[in-house]
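The structure appears right after this line, and notes come after that.
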Protein chains: 2
Amino acid sequence: MATETPLSGSIADFPFKDSAPFFAEERKGWKGYVEWEKYPEKKKQAAETLAQYKFPHPPEFQLEPIPQQNPLLEGVRWKQYHYAMGSTLKDAPEISWKYVQKEKSEDMLHVLQFPYNGEPPRSRLVETELTNNKDHFVRNHGGIPEIEEDAFELELDGLVNEPKNLTMADLKNEKLFPRQSTVVSIQCSGTRRIEQIHEYPGDGDELINAPWGEGAIGTARWTGVSLASVIKHCGGLKTSSGHPETEMHVELYGADTYFKKGQVMNYVVSAPWRKVKFDEVLLAFEMNGDPLPRIHGFPLRAVVFGYIGARSCKWLYRIKVIQGPSQAPVQKKEYLYYSPQIGKHNAMYSNGFSIQDMPVSSAIMTPLDKEQIIHDGKITLRGWAYSGGGRWPEWVEVSADGGSVWYKVPHDRMSKKYFYGWRVWSIDVPVEYEGWLEFCCRTWDCALNTQPTFVRSAWNFDLHVTPLAIASRFTPSIARDLLQRRD
Amino acid sequence: MATETPLSGSIADFPFKDSAPFFAEERKGWKGYVEWEKYPEKKKQAAETLAQYKFPHPPEFQLEPIPQQNPLLEGVRWKQYHYAMGSTLKDAPEISWKYVQKEKSEDMLHVLQFPYNGEPPRSRLVETELTNNKDHFVRNHGGIPEIEEDAFELELDGLVNEPKNLTMADLKNEKLFPRQSTVVSIQCSGTRRIEQIHEYPGDGDELINAPWGEGAIGTARWTGVSLASVIKHCGGLKTSSGHPETEMHVELYGADTYFKKGQVMNYVVSAPWRKVKFDEVLLAFEMNGDPLPRIHGFPLRAVVFGYIGARSCKWLYRIKVIQGPSQAPVQKKEYLYYSPQIGKHNAMYSNGFSIQDMPVSSAIMTPLDKEQIIHDGKITLRGWAYSGGGRWPEWVEVSADGGSVWYKVPHDRMSKKYFYGWRVWSIDVPVEYEGWLEFCCRTWDCALNTQPTFVRSAWNFDLHVTPLAIASRFTPSIARDLLQRRD
């Protein structure tokens, strides 16, 4: 396959050790999937293998402007982790990049080349209420397992009365499971992180995560079956006085390989039973009417409505009902929100809050920052507004003067309401003068929550969740009639 | 009946017309209840009666400091509405006041004498996680119907397959309905309205609603039965292609009489079916283990979890399943949230948003505003934090300098988490100097929503929902050692 953009951090430069291990693929028809969670000894061997190498120090950018290149970051370290795992995973970076070329728009902004993180061009994202699959942001945590649909099985175990394996044919059998189709926005908690990075670059030795802009959000009509009905099919929850329903979680296993501090594992997260019960956890096999793209989790992924994207596990191959939240590192040691008093000197996994429901947020997508505009007394702004947890954005306001005077987006310039979907909006803001304008936006959701005003109000050590109202577009504007008088 | 505090706006001064009507009580054992909703001709007659009188102009305070008296406001106009309705309702103000004396603490702040609106003393409210029934705030909209439990029937009709009447014995029959007991905070959307009034007194001719402080919130363990199971008992919803489940609401009827712009009606509101389905609408007959006090809705009230208090209909005697939200005035013309661009010149019922889910909010309860404190290097603050819609407050921060430096309330100084309940908290804030301190607090809920910073960010025409972080306690503090050196 011809890729026009070369993959940097190539395998050719990687100093393979003689002892490169061989980790067999677990199942026929499942390429790039190694089962780690069931084999502690295999995990141990993988960790020992990693320990033999010296990988580049994270992160790859610090205290200097983010390079104006695409990809922004290469992920050399993560590529090398996969190279080191031997023949089964060494091609993961190459395969991932192949699917970026094939399944995503050419002009994506590649925030991180591998694991692939990408967001679409700002202006196009809000042209449609449902995001084109090719433009939907991607935040992968490893490679892309290539699983044949016919070979696929979903394993359901843990605290269910009748553990079962289900094929895709079972899941698509409408006699077994009613089809559910729901419009859901998925948002990475890193959305707009770049604004936190700009204001708080840190001391230069923290781990700064991927520098997302406003495009780490997308909306699709996801089709599949409710996990609630699948668990019912498995005889329901195995509850007891010691295991009440209210404390149960569903642990979701992804077939990709994940690395954390020298350890090797599958991607594992969880969501509370409460979400499942309310039909808010979908096992999705279609995205906007098309089969799920491989880069988005083919053949099956979870979509956990209103939650941080990280819970919507891709290449979902196992669901285990457990007591309490998952103890897996992605759940317990990643995607933590620290209160503003906590920084690198006192941050501990245990004093971070595991992000689940997403707060109200919004963003201006056009005009772009520092875009020069010649106007006739008004400037059109476009953007999105979103809130998690089943709360729709009720209205949006914009300001052209940094937040003194706010205009409300007209009702008919906002897209339809959904419980779990964003709304895209546009407004023509009156502008009487020329000069620098500071555009900003804020939204209220149906619970009347609104966004805090300043980055300062929401800054947090891991730079998650950036829902502030102010901090947006500086636009040099020129009134057309003034321009003509000058000519 | 001995009441120590006299009831002002007495019936003795009311110029009864000869034509004072007689509206019969509907049912034996139901005192002070007139059924309006089933009898349009009776409503018409009542409206004609009201039209004969000239009532005092609302509101009763404007553009001047709220009087330092208790009750703050008398509600003379509302008393007179009831007097005008003739023998059946004329004693409603007197009866209401009787129950205030009997069922509420002596030192309640009576925000409005009739319909009774009252909040407890600030410091006591946060001494306990569950509010004592005598201290729980009250926001009534009319009189207090005196209904004998044995004579009570709840009517279930509308879009259910088997409309039924249920007695209290039916509802308490655990063979018919499993008992549900849930800790729920109920909050009036007027909480902290006084802060909006202070900053935006208006032009002097708007209707300014009751000037609530921080005490229009209370928490109880409510016991009763889930409305979901009651509707199941009535054969479930009568759905059809034209009436999908997703669009249904439950309309809740209160036996109190409500007045709106010269019209007379019962208190009627609604909540979406979605809330019922998730077991978030309770028909409650116990409050903290005691029978519901009359002032809180005896023998039966709704408790709609996480919503504005106005939906938790008291003296609930009828539930009608309908398509879409209730068209009744309390639902459509009251408790509207207007965006900040809307004021008295452009406010219309149709451009307000009907408040349901409550946003994240918090308040400092002690020290009191302008309370002088002699400290030894720290000052203890106490308060509450709450968020609606099933979201618990995750943490609270306080500042002693108007929001520059924030301290996080220690984990062990916050009360237990509940999906639908507040958390009370306390913290010892380090204070090194003497002089005026500006204390403020803010909270994050589990969806990481936080409060907007300034009153200006949340001001709205009807002065509902005041969730701002800054705007709290100015406290003159004196360091003890400085004081000693002066002596």
Review point. Considering the range A:67-94 alone, what residues qualify as being part of a helix (DSSP H, G or I), under 20 Å from the mean Cα position of the chain (by Cα) and not aromatic (Phe, Trp, Tyr)?
Key: A:79, A:92, A:93
Check your understanding: Are there any pairs, at least 6 apart or on different chains, whose C-beta atoms fall under 8 Å, with the first in the range B:434-457 and within 7 Å of chain A (Cβ to nearest Cβ) and crowded, with 24+ Cβ neighbours inside 10 Å and the second basic (Lys, Arg) and not in a strand (DSSP E or B), and if so, which?
Key -> B:447/B:391; B:449/B:391
Exercise for review: Could you tell me whether any residue of the range A:439-457 is among the acidic types (Asp, Glu) and either in a loop (DSSP other than H, G, I, E, B) or touching a Cys at 6+ places or on another chain (Cβ under 8 Å) (or both)?
Suggested key: no
Revision key, fill the gap. The lone condition residue B:474 fails out of (1) modelled with pLDDT under 85; (2) closer than 27 Å to residue B:312 by Cα; (3) away from chain A (no Cβ under 11 Å) is (2)
Study note, to complete from the structure: Within the range B:297-325, restricting to residues that are farther than 21 Å from residue B:388 by Cα and either of a type in the set (Gly, Ala, Ser) or outside the structural domain of residue B:284 (by TED's automatic domain parsing) (or both), the one that is surrounded by the most Cβ atoms within 10 Å (Cβ to Cβ) is B:297
**Study point:** So residue B:338, is it surrounded by 17 or more Cβ atoms within 10 Å (Cβ to Cβ) and in contact with a helix residue (DSSP H, G or I) (Cβ under 9 Å, 6 or more places away or on another chain)
**Key:** yes
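Okay, residues lined up against (1) within 14 Å of chain B (Cβ to nearest Cβ); (2) surrounded by fewer than 19 Cβ atoms within 10 Å (Cβ to Cβ):
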position: A:284; (1), (2): no, no
position: A:294; (1), (2): no, no
position: A:334; (1), (2): no, no
position: A:342; (1), (2): yes, yes
position: A:360; (1), (2): yes, no
Review point. Out of all the residues in the range A:98-131, which are surrounded by 24 or more Cβ atoms within 10 Å (Cβ to Cβ) and of a type in the set (Phe, Trp, Tyr)?
Key: A:114, A:116
Exercise for review: Could you look through the range B:409-424, keep only residues that are under 22 Å from the mean Cα position of the chain (by Cα) and surrounded by 21 or more Cβ atoms within 10 Å (Cβ to Cβ), and pick out the one that is farthest from the other protein chains (Cβ to nearest Cβ)?
Suggested key: B:424
**Study point:** Test result for residue A:76, at pLDDT 95 or above and hydrophobic (A, V, I, L, M, F, W, C)
**Key:** no
Practice item. Run down B:264, B:269 and say which single residue is surrounded by 21 or more Cβ atoms within 10 Å (Cβ to Cβ) and out of contact with any Asp or Glu (no Cβ under 9 Å at 6 or more places or on another chain). Key: B:264
**Study point:** Test: residue in the range A:376-389 that is within 19 Å of the chain's Cα centre (by Cα), on the phi > 0 side of the Ramachandran plot, modelled with pLDDT under 95 and within 14 Å of chain B (Cβ to nearest Cβ)
**Key:** yes
Review point. Given the conditions (1) surrounded by fewer than 21 Cβ atoms within 10 Å (Cβ to Cβ); (2) in a strand (DSSP E or B), and given that residue B:170 satisfies all but one, which numbered condition is not satisfied?
Key: (2)
Study note, to complete from the structure: When the range B:246-264 is checked residue by residue, the ones that are touching a Phe, Trp or Tyr at 6+ places or on another chain (Cβ under 6 Å) and either in a helix (DSSP H, G or I) or over 22 Å from residue B:96 (Cα atoms) (or both) are B:248
Check your understanding: How many residues does the range A:390-408 hold that are within 12 Å of another protein chain (Cβ to nearest Cβ), at pLDDT below 95 and in contact with an Asp or Glu (Cβ under 6 Å, 6 or more places away or on another chain)?
Key -> 1
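The values are calculated or read from the model by the stated rules, or taken from the named source; none is laboratory data. What you are looking at is a predicted structure, and each value in this text was computed from that prediction instead of being measured. All Cβ positions, glycine included, derive from the backbone under ideal geometry; neighbour counts span all protein chains shown.
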